[in-house]
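Trainee: The structure follows.
The values are calculated or read from the model by the stated rules, or taken from the named source; none is laboratory data. Bear in mind the structure is a predicted one, so any value in this text is a computation, not a measurement. Counting neighbours? That spans all protein chains shown, and the Cβs are built from the backbone with ideal geometry, glycine included. Surface accessibility is based on the protein's heavy atoms, side chains included, excluding ligands, DNA and RNA. Shrake-Rupley method; radii C 1.70, N 1.55, O 1.52, S 1.80 Å.
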Amino acid sequence: MPTPTTDSPPASSSPLDALGIRGIVLLLALGPAAITAAILFAVASTAATRITSDLADQALTAATDSIRADLDAFLERATDLAELSAARITAGEWPEDNLLAWADPAMRQLDAFEGIASVTWGTSIGETFWIIPAPSTPDEPSAAPYEIALQSAGEPINEFPFGPGITELNTPSNTYDFDATQRPWYLAGQSVPDDADSPWTWTPIYIWIGKEASDSEVGKAVARRVNTATRTGVVSIDVTLGGLSNNLRALDLAQEGLLLIADDQGKLVASSFGPVVGDDGTRRDATAALRAADATLDSTLAESTRADIAGEPGRVRVVRYAPAPGIDWRVAVAVPERLFLAEVQAARTTALLLAGLATLLVLGLSIAIAHRVARKAQTVNDFVHRIGGGDFDARLDPRGPREYHTLATQLNTMAEDLAAYVDTRNSLEVANQVQRSLLPEFAPSLPGLKIRGHSRYCDETGGDYFDYMGMPKGGVTIAVGDVMGHGVAAALLMATARAALRAACLESIDLATVMTRVNDVLAADLRHKRFMTMTLVTADPVARSIRWASAGHDPIIIYQPAIDTFTELDDGDLPLAIEPGIEYDVYEKANLAKGTIVFIGTDGIWETMDAASNQFGKDRLREIIRDNASAGVEAIGKAVEAAVRQFRGEEKQADDVTYVIVQFDE
């Protein structure tokens, strides 16, 4: 066991310890040779660093800008061709009932638009057309420069060789079942909203059907929905990762540097120095691909600024490229520093040599001092590692220089406090799990009703509560409560209220009786000096009515979309746990229209504050309910949660947030 800490430093174990760490550093700094070396190195390093950074930034910025400009042009060809094809389809230039007639003009489009891999069309009734360059190798040359595929509704798809002068098709080269409506390009095209800024979108990267994965068969497509008088379909223009890689390899910088494009998951999109797709048929990790090319980054791909390239120091620049929906890429350029740093390196080498000569004069003293300082630093490092591993009984021996003694004493105190803190956090975590288990995991599924409930505590435990109780003749009783304050004390009162409520519901279905019994339980001991508001609501989907009892809770919000009217049901009585013997009343709201929404919440919603101390308010809540009424209770709830978080911004959540939403089915 380490020697216990004391408030006063022990006697120094050596004269050197009496100097303290600060005195040791001053002793080292007083050496004339060390000062000379520091000045020489500082001047040279400052100038070299500035010049290095400027040259590197200029070269890498120009490179990434050039790549992005080339990408813009490359991808714009695909979007231009998508618009051209869509225009020809809607104008009737490509007849929908004769897909073979599309082959010749589509082939000419592929010839005219460099880098495009295919033109594809699919309809909702099962019709498909595409044209692609025919796969060809020296061992297996293709019969024609292109390959087309034709599919009529309800039939398999047939592939045929195609090229200039071919007007009739004979036996298909391949026949198989195919469903265009399940392909990524079709799903992406159909997902574009009618009011979107752009009528097209880019698909995720995918592997073409029926082919082994390779650069030429793993692509990305721009998809555009096309509606004609008789059909709904999607036209898709594919570009291959091989085409993007060829673009990078054609750049001058690719002769000396490493260029790549990666997606937001760190997977390769294109590369100037190796395959994009690995032997396992999946896209390679960008960092692993660089390592395979003998390049090691100093950090993650997104954060790297330096690299080791084939044993040479290099610079890295990574920029985001997100020009259109469906594309969120990173353009990375890694180049050896020797391309632009020859003169700078020469000046730095000279300065380092001069600094090295001066440093030799104080080397002996530095080694002795550094060894002693390092030993103490390693002791602290080992201690921190033990604490980090959960050994809160670890203690430092405080004997040593004055500053080390002070540090060791403070770290020992920190270890004791941290142990107590961790114990408290563990206890609160268990309490949170227990309290969460008291809330319903799922909303009941009842004919005629849609229900969503949610509760988010501002601390590990809270005082908000909601619950569902089934009714003998159908329908459901909903409870929403809010204990004054939050934290552990509020959580305990909430758990007591839940137990009392469930026990009362076993004996009676009358809301007033249930509320009275719950109040009697909570008011039996007023030493806790807390009260609780609660609303009990019974929703009857057949009669389209609700009955409720309220113990001082915020009014129920009713929204009837059919007449665009909000109503607040504010009838109620005293909160729970104020005094025993209170008789609660039951109220009813009948003749609710189909689609009516009932919102029962706690004040943590509308009393949420932003950074300027403005409240979220009920007006915002009502607007959210109105805007999302047609989408149902799930959409309303998620919209409320998102709006409250956005309004609060970086401010800490100050109160528990709970709600239950009920909607009578249309």
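Trainee: Using all C-alpha to C-alpha distances in region 163-300, build P(r) with 5 Å bins and read off the rounded percent in each one.
Mentor: Calculated over all Cα pairs of region 163-300, the distribution is 2, 9, 14, 16, 15, 15, 11, 9, 5, 2, 1, 0 percent.
Trainee: Would you mind computing, in nm to one decimal, how far apart the modelled labels at Thr305 and Lys267 are, each placed 7 Å from Cα along Cα→Cβ?
Mentor: Computed distance between label sites Thr305 and Lys267 equals 3.1 nm.
Trainee: Work out, step by step, the length gained on full extension between Val319 and Asp520: first 0.36 nm times the residue separation, then minus their alpha carbon distance; give nm to one decimal.
Mentor: Here the segment from Val319 to Asp520 would lengthen by 65.8 nm.
Trainee: Apply 1/(1 + (r/R0)^6) to the Cβ-Cβ distance of Ala144 and Thr232, taking R0 = 25 Å, and write down the FRET efficiency to the nearest 0.05.
Mentor: 0.20
Trainee: For the pairs Lys450/Lys618; Lys529/Lys618; Lys618/Lys652; Lys450/Lys529, flag any whose C-alpha to C-alpha distance is greater than 31 Å.
Mentor: Lys450/Lys529
Trainee: Once the whole set of protein chains is in place, how much accessible area is left on His385, using a 1.4 Å probe, in Å² to the nearest 10?
Mentor: 130 Å²
Trainee: Would you please give the FRET efficiency between Glu634 and Leu187, computed as 1/(1 + (r/R0)^6) with r the Cβ-Cβ distance and R0 = 30 Å, to the nearest 0.05?
Mentor: 0.85
Trainee: Now for a separate question. Rg/Rh for region 551-631: what does it come to with C-alpha atoms and Rh from Kirkwood?
Mentor: A ratio of 1.04.
Trainee: Can you work out the base-10 log of I(q)/I(0) for region 102-248 at q = 0.09, 0.19, 0.21 1/Å, using the Debye formula on its C-alpha atoms alone?
Mentor: So the normalised log intensities work out to -0.28, -1.29, -1.54.
Trainee: Computed FRET efficiency, Cβ-Cβ of Thr567 and Gln410, R0 51 Å: what is it to the nearest 0.05?
Mentor: Efficiency for this residue pair is about 0.25.
Trainee: Heavy atoms only, 1.4 Å probe, whole protein assembly: order Arg530, Arg249 by accessible area, highest first.
Mentor: Arg249, Arg530
Trainee: What residues from region 67-95 fall in the zone where the backbone N is under 15 Å from a label point 7 Å along the Cα-to-C-beta line of Ala250?
Mentor: 67-78
Trainee: If you don't mind, there's one more thing I want to ask. Assuming 0.36 nm per residue, please report the length gained on full extension of the stretch Asp179 to Glu583 beyond their Cα-Cα distance.
Mentor: 138.8 nm
Trainee: How large is the Kirkwood hydrodynamic radius of region 519-666, in angstrom, based on all distinct alpha carbon pairs?
Mentor: 16.6 Å
Trainee: Could you work out how far apart the two model spin labels at Ala292 and Met484 are, taking each label as a point 7 Å from the Cα in the direction of the beta carbon, and quote it in nm?
Mentor: 6.8 nm
Trainee: Against the 2.2 N^0.38 Å scaling, with N counting residues, where does region 502-590 land? I'd like the Cα-based Rg ratio to two decimal places.
Mentor: 1.20
Trainee: For region 435-555, what number results from the quotient of the Cα radius of gyration and 2.2 N^0.38 Å?
Mentor: 1.05
Trainee: Taking the simple approach of a point 7 Å from Cα along Cα-to-Cβ for both Leu574 and Arg402, what is their distance in nm?
Mentor: 6.7 nm
Trainee: Also, I was wondering about something else. Computed from the mean reciprocal separation of all distinct C-alpha pairs, what Kirkwood hydrodynamic radius does region 440-498 have, in Å?
Mentor: Across region 440-498, the inverse of the average 1/r is 12.6 Å.
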